[in-house]
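**Student:** Right, I'll just put the structure down here and ask away after.
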Amino acid sequence: MRPDLQETAASNRKLVEQALATAKGDSMTLTQVASQAKLQVSTVKRHLDFLVSIGRVHVEPYGNVKLYALNGKGAFTDKVSLSKDHTIWVDALTNRYGDSYVRLKENRRMGDEWREMGAIIVDPDKIPELIQKLNALKDNIDRAGR
């Protein structure tokens, strides 16, 4: 993507997040977000889809519309630096219903900008199993002699 388009996309995504942060009823429809952000509905939809995919935004069907809301308040954040251009963020969050979850979010530096590559959401009950699988994976990699 051209640098000027990347900058515009990042700016628009920020506008979408800011619009959601001002939601009086905690959530907004696509049209409400577009109106608040002063962006085209198709542009807002693309950014909301991305924000949902990385766990930043929660979407819930309500009749024939979808309601969008910022997802969670952070209780803990840390990062694992895989290299100077590659990071995994580890976030402990609580959603708007009071349920806790962990988000692992991958970011990479592309030129002068950090880009979110994707995220996974882990239920707290599954953290011990995830750690066990990662340790088993590490043991197998060590045995293979890297």
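**Student:** Among what's in segment 34-85 and is β-branched (Val, Ile, Thr) and touching a strand residue (DSSP E or B) at 6+ places or on another chain (Cβ under 6 Å), pick the residue that is surrounded by the most Cβ atoms within 10 Å (Cβ to Cβ). Let's see the steps before the verdict.
**Tutor:** Start the filter on segment 34-85 by keeping residues that are β-branched (Val, Ile, Thr), which leaves 41, 43-44, 52, 54, 57, 59, 65, 77, 80.
Filter again for touching a strand residue (DSSP E or B) at 6+ places or on another chain (Cβ under 6 Å), leaving 52, 54, 57, 59, 77, 80.
Details: 52: 15, 54: 18, 57: 22, 59: 16, 77: 12, 80: 11.
In this case the residue turns out to be 57.
**Student:** Here's another thing I want to ask about it. Here are some conditions: (1) within 15 Å of the chain's Cα centre (by Cα); (2) modelled with pLDDT of 85 or more. Residue 56 meets all but one. Which one does it not meet?
**Tutor:** (2)
**Student:** Quick one: would you say residue 52 is out of contact with any Gly (no Cβ under 6 Å at 6 or more places or on another chain) and closer than 18 Å to residue 16 by Cα?
**Tutor:** The answer is yes for residue 52.
**Student:** When segment 88-146 is examined, which residues are found to be farther than 19 Å from residue 69 by Cα and part of a loop (DSSP other than H, G, I, E, B)?
**Tutor:** 111, 112, 123, 144, 145, 146, listed by residue number.
**Student:** What do you reckon, is residue 67 within 15 Å of the chain's Cα centre (by Cα) and outside any helix (DSSP H, G or I)?
**Tutor:** Taking the combined requirement at face value, the residue does not satisfy it.
**Student:** Just give me the residues in segment 47-82 being among the polar types (S, T, N, Q), more than 21 Å from residue 37 (Cα to Cα) and not assigned by TED's automatic domain parsing to the domain that holds residue 97, in sequence order. Talk me through it step by step, then tell me what you get.
**Tutor:** To start, the set of residues in segment 47-82 that are among the polar types (S, T, N, Q) comprises 53, 64, 71, 77, 81.
With the extra rule that they be more than 21 Å from residue 37 (Cα to Cα), the set shrinks to 64, 77, 81.
Correct list: 64 only.
Table: residues versus (1) closer than 22 Å to residue 10 by Cα; (2) modelled with pLDDT of 85 or more.
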position: 91; (1), (2): yes, yes
position: 110; (1), (2): yes, no
position: 113; (1), (2): yes, no
position: 123; (1), (2): no, yes
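The values are calculated or read from the model by the stated rules, or taken from the named source; none is laboratory data. It should be emphasised that the depicted structure is a prediction, and the values quoted were computed from it without experimental measurement. Don't worry about glycine lacking a Cβ; one is built from the backbone with ideal geometry, like all the others, and counts go over all protein chains shown.
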